[in-house]
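Engineer: The structure's right below; bear with me while I get my questions together.
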Amino acid sequence: MKEPQNFMIYADGGARGNPGPAAYGFVIFNSKGLKIYEEGRAIGKTTNNVAEYSAVVAALKYVSERSVVSGQLSVVQIFLDSQLAAMQLSGRWKIKNENLRNLFFTIQELEQKIGAKVTYSNIPREQNRQADRLVNAALDNKF
């Protein structure tokens, strides 16, 4: 049996205009610090906050569908430069917006499917450059 793993996910979302053309990006690292996957995708016209949540949904979908063999993943740490998203997803702040609440329920379902402890942390924008680069590349149609 393989030893349990931890994943570190750096996620970001952005919109040019609010609402406006939006995209998300995320980068997944394993417990040894090796990048195992990255993705950036335009998602149409929406808000910054919906784009942030969409990054988390996409990252957790990737983990749940491709990278997890039941019982091998123990912790998923998600780092966001959006304080709002990090605080709401960690349960510290209420989610008043209906669109965000619906995405939150999707995130909770994905967390249960993965079966690992999922944490959310707010980090400075400078520490989230890789995910931010993917957002901008998607908005600039470089994917």
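Engineer: Residue 87 versus residue 31, label points 7 Å from Cα toward the beta carbon: distance in nm?
Structural biologist: Using points 7 Å along Cα→Cβ, the separation is 3.3 nm.
Engineer: I've got another one for you. Output the peptides 13-20, 78-85 sorted from most to least packed, where packing is the average of other Cβ atoms within 10 Å over each peptide's residues. Don't jump to the answer; show the numbers that get you there.
Structural biologist: Details: 13-20: 17.8, 78-85: 21.9.
Top of the packing list down: 78-85, 13-20.
Engineer: Amide H to amide H, which residues 5 or more places from residue 76 or on other chains are under 5 Å from it, using H placed in the peptide plane?
Structural biologist: Excluding prolines and chain starts, which carry no amide H, the hits are 7, 117, 118, 119.
Engineer: Another question, then. Based on the alpha-carbon set only, what is the convex hull volume of region 50-129 divided per residue, in Å³? Mind dumping the intermediate values first?
Structural biologist: Working: hull volume 7.1 nm³, N = 80.
Considering the Cα atoms of region 50-129, their hull volume per residue is 88 Å³.
Engineer: Would you mind counting up the charge near residue 37? Only other residues with Cβ under 14 Å from its Cβ, with Lys and Arg at +1 and Asp and Glu at -1.
Structural biologist: Working: positive: 35, 41, 61, 66; negative: 38, 39, 65.
Residues close to residue 37 contribute a combined charge of +1.
Engineer: If one takes the longest principal axis of the Cα atoms in the chain, at what angle in degrees, from 0 to 90 and to the nearest 10, does the Cα axis of helix 98-114 lie?
Structural biologist: Compared with the principal axis, the helix lies near 20 degrees.
Engineer: Please get the size of the charge dipole for the chain, origin at its Cα centre, with Cβ charges of +1 on Lys and Arg and -1 on Asp and Glu, quoted in debye to the nearest 20. List each step's numbers first, then the result.
Structural biologist: Values: 18 positive and 13 negative charges, 11 e Å.
Here the chain has a charge dipole of around 60 debye.
Engineer: While we're looking at this one, here's another question. Enter the angle in degrees (range 0 to 90, nearest 10) between the Cα long axis of helix 48-62 and the first principal axis of the Cα atoms of the chain, meaning the one along which they spread out most.
Structural biologist: The angle comes out near 30 degrees.
Engineer: Enter the angle in degrees (range 0 to 90, nearest 10) between the Cα long axis of helix 129-139 and the first principal axis of the Cα atoms of the chain, meaning the one along which they spread out most.
Structural biologist: On a 0 to 90 degree scale, this one is about 50.
Engineer: Okay, moving on. What net charge is computed for the residues neighbouring residue 49, neighbours being all others with C-beta under 15 Å from the C-beta of residue 49, Lys and Arg scored +1, Asp and Glu -1?
Structural biologist: Here the count lands on +1.
Engineer: For the chain, take every pair of Cα atoms, bin their distances at 10 Å starting from 0, and report each bin as a whole percent.
Structural biologist: With a bin width of 10 Å, the distribution comes to 13, 45, 34, 8, 1.
Engineer: Restricting to DSSP H runs of at least four residues, report the calculated mean residue ellipticity at 222 nm for the chain, -39500 (n - 2.57) per run over all residues, nearest 500 deg cm²/dmol.
Structural biologist: Working: 4 runs with 50 residues, N = 143.
Calculated from helices alone, the mean residue ellipticity at 222 nm is -11000 deg cm²/dmol.
Values quoted throughout were computed directly from the atomic coordinates according to the rules given, and no laboratory measurement underlies them. Note that the structure is predicted; figures quoted are calculated from it, not measured. Glycine also receives a Cβ, built like all others from the backbone with ideal geometry; neighbour counts cover every protein chain displayed.
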